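Trainee: The structure follows.
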Amino acid sequence: MVTSMIRRSRSGAVQKESEGGFSLLEVVISMAILTVGLVSLLGVFGLAMASTQTSQEDMIAKQLANQALESIITARNTSQIGWDDIQNSGSTSCPVSGASSCGIFLAGSQPVYQAGADGIYGTSDDAVAGLQSLTEPGPDGVYGTSDDVSIPLSGYQRTILISAVTNSSGVVISSLRGINVTVQYTTTQTKLPKSYVLSSFISQYQ
């Protein structure tokens, strides 16, 4: 907005002096730009909040995948299972034992059970042990007390896929296998299915 001041000179002549300011149009445009910026900032803030709220489910999925892989490696290192057993159940690739089929790891998506009597995750005796659960502190905020809350991980599914590895010529490397662990779950906030995939290799030799 531009205003003017009238003042008289020493000779008595009337002089006008302009004063700088903002026009109404400039104010409206500035407010529009500020509004767009604030709306964008609120959108980013909302996404950050959603990511924070789903971080617990993401962390659990990552832990469940690592748990399965470490279980397989530990069983191999302790000679608890033979090399032929580190395959999906029903596999016909048994070069050492010569059995018709071998492998102890269940194929396909499975509920996240506790390890069964063999202490290895993803095998047929896990169902008897029941679902894994997450223990959270109760109202006192301290773990290990009587008011702790146990939450079963019923919303998670885990797939352990063990496959043969080939070299550049397409020949199977009998002493090496690929392990692909996929954990599927749904977040409580977005209700959208998500998955965490962990890929690694395991050798017959430690």
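Trainee: Collect the residues in region 78-92 that are farther than 14 Å from residue 206 by Cβ, small (Gly, Ala, Ser) and part of a loop (DSSP other than H, G, I, E, B), keeping them in residue-number order. Can you show your working first?
Mentor: Restricting attention to region 78-92, the residues satisfying the condition of being farther than 14 Å from residue 206 by Cβ are 84-85, 87-92.
Then keep just the ones that are small (Gly, Ala, Ser); that gives 89-91.
Listed by number, the residues that qualify are 89, 90.
Trainee: Do we find that residue 144 is at pLDDT below 85, surrounded by 12 or more Cβ atoms within 10 Å (Cβ to Cβ) and out of contact with any helix residue (DSSP H, G or I) (no Cβ under 9 Å at 6 or more places or on another chain) in this structure?
Mentor: Values: at pLDDT below 85: yes; surrounded by 12 or more Cβ atoms within 10 Å (Cβ to Cβ): no; out of contact with any helix residue (DSSP H, G or I) (no Cβ under 9 Å at 6 or more places or on another chain): yes.
No: the conditions fail for residue 144.
Trainee: Quick one: is residue 158 more than 19 Å from residue 62 (Cβ to Cβ), modelled with pLDDT of 90 or more and among the basic types (Lys, Arg)?
Mentor: Spelling it out, it is not the case that residue 158 is more than 19 Å from residue 62 (Cβ to Cβ), modelled with pLDDT of 90 or more and among the basic types (Lys, Arg).
Trainee: Also, quick follow-up: Which condition number does residue 188 fail, the rest of (1) over 21 Å from residue 107 (Cα atoms); (2) touching a residue at least 60 places away in the same chain (Cβ under 8 Å); (3) of a type outside the set (Phe, Trp, Tyr); (4) assigned to a strand (DSSP E or B) being met?
Mentor: (4)
Trainee: Do the conditions hold for residue 115, that is, is it at pLDDT 90 or above, farther than 20 Å from residue 186 by Cβ and not in a strand (DSSP E or B)?
Mentor: Values: at pLDDT 90 or above: yes; farther than 20 Å from residue 186 by Cβ: yes; not in a strand (DSSP E or B): yes.
Against the criterion (at pLDDT 90 or above, farther than 20 Å from residue 186 by Cβ and not in a strand (DSSP E or B)), residue 115 qualifies.
Trainee: Which residue out of 179, 120 is in a loop (DSSP other than H, G, I, E, B) and of a type in the set (A, V, I, L, M, F, W, C)? Let's see the steps before the verdict.
Mentor: Working: 179 fails: in a loop (DSSP other than H, G, I, E, B).
Only one candidate passes the filter, namely 120.
Trainee: Quick one: which strands (runs of 3 or more DSSP E) lie wholly within region 125-169 and hold at least 3 residues that are under 26 Å from the mean Cα position of the chain (by Cα) and among the β-branched types (Val, Ile, Thr)? I'd like the intermediate steps shown before the answer.
Mentor: Values: elements: 133-136, 149-152, 156-166.
The qualifying strands (runs of 3 or more DSSP E) are 156-166.
The values are calculated or read from the model by the stated rules, or taken from the named source; none is laboratory data. Computed from a predicted model, the values in this text were never measured in an experiment. Please note: Cβ atoms are built from the backbone with ideal geometry, for glycine as well, and neighbour counts cover all protein chains shown.
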